[in-house]
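Novice: A single structure is presented below for examination.
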Amino acid sequence: MITSAHIDDIRTQVRAWRAKGETVAFVPTMGNLHQGHITLVKEAASKCDHVVVSIFVNPMQFGQNEDLDAYPRTLAADSEALNAAGAELLFTPTPAVMYPKGLEQQTYVEVPGISDVLCGASRPGHFRGVATIVCKLFNIVQPDVALFGNKDYQQLLVIKTMVEDLSLPIEIIGIDTIREDSGLAMSSRNGYLTAAEKAAAPALKQAIDAMATGIKQGESFEQVTELAKAKLIAAGFTPDYLEIRHAHTLEQAQHQDQALVILAAAYIGKARLIDNLRFDR
């Protein structure tokens with residue numbers, strides 16, 4: 001696996017592959033990789049001739065009181081795992097490479113509407129940072145296909161919308177959430193959990209599943225939501241949001257809607273965990 005922090009190196013290698021008529025898949029990450037990331041890389045290898053991965057902890061998507069400085073950086077272990085999974089090119093830029101004029105002078109990409117709700121409301125500017133860095137990475141790598149996890153459902157829709165609106169010739173593929181045996185969605189932030197918190201954390205998925213079951217059985221949105229919130233609080237969570245939305249637009253779900261997604265974010269200890277369930281009724 002080739003590793004470089006320089007944009008020109010990435011472009012040169014990708015051009016060499018393109019000259020042979022070969023295809024490129026891309027998996028952008030912030031590092032501190034877990035099995036969910038590795039699944040994305042393996043899936044990418046099955047879809048294209050070559051796999052490019054980026055590791056960049058993007059300061060633009062972190063708020064003032066968020067965990068940018070504390071975010072785990074595990075490049076050596078990540079590189080070993082990526083090499084074993086079939087990645088061939090690893091891009092590891094610094095903030096100075098990606099934002100040479102600084103964040104205040106950086107042109108940004110913003111996806112209106114869908115970026116402003118849920119995590120966008122809780123973390124103002126977050127999806128501006130996501131859309132900007134992903135657009136920059138797409139312009140550097142110029143992949144045929146890019147893969148993202150469905151755990152970050154809102155992020156996936158933001159990126160799909162950006163690609164459509166900017167007419168980028170990239171296929172965006174969402175991959176099912178990879179979970180621990182307990183049902184807890186794998187996340188880099190699970191490392192913040194104490195043993196007791198990790199034992200309680202599967203209650204988030206359980207609450208979402210119970211909401212979906214209740215909806216399918218004809219219970220009201222309000223009824224299933226209040227019951228789920230009570231269960232989360234009893235398990236030690238502080239809910240940020242727990243909402244039922246239209247699966248394609250993230251608008252507030254109407255009782256006649258068939259394509260639904262339940263999205264949740266909740267704090268437990270130092271960690272803010274998110275999860276979701278997409279279903280039809």
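Computed from the coordinates by the stated procedures, all read-outs in this text should not be read as laboratory data. All figures in this text were calculated on a predicted structure; none of them were measured in a lab. For neighbour counting, all protein chains shown are included, and Cβ atoms are generated from backbone atoms with ideal geometry for every residue, glycine included.
Novice: More than 14 Å from the chain's Cα centre (by Cα) and among the aliphatic types (A, V, I, L, M): which single residue out of A131, A121 fits that description?
Specialist: A121
Novice: Looking only at the stretch 95-116, which residues are over 18 Å from the mean Cα position of the chain (by Cα) and within 10 Å of A131 (Cβ to Cβ)?
Specialist: Y108
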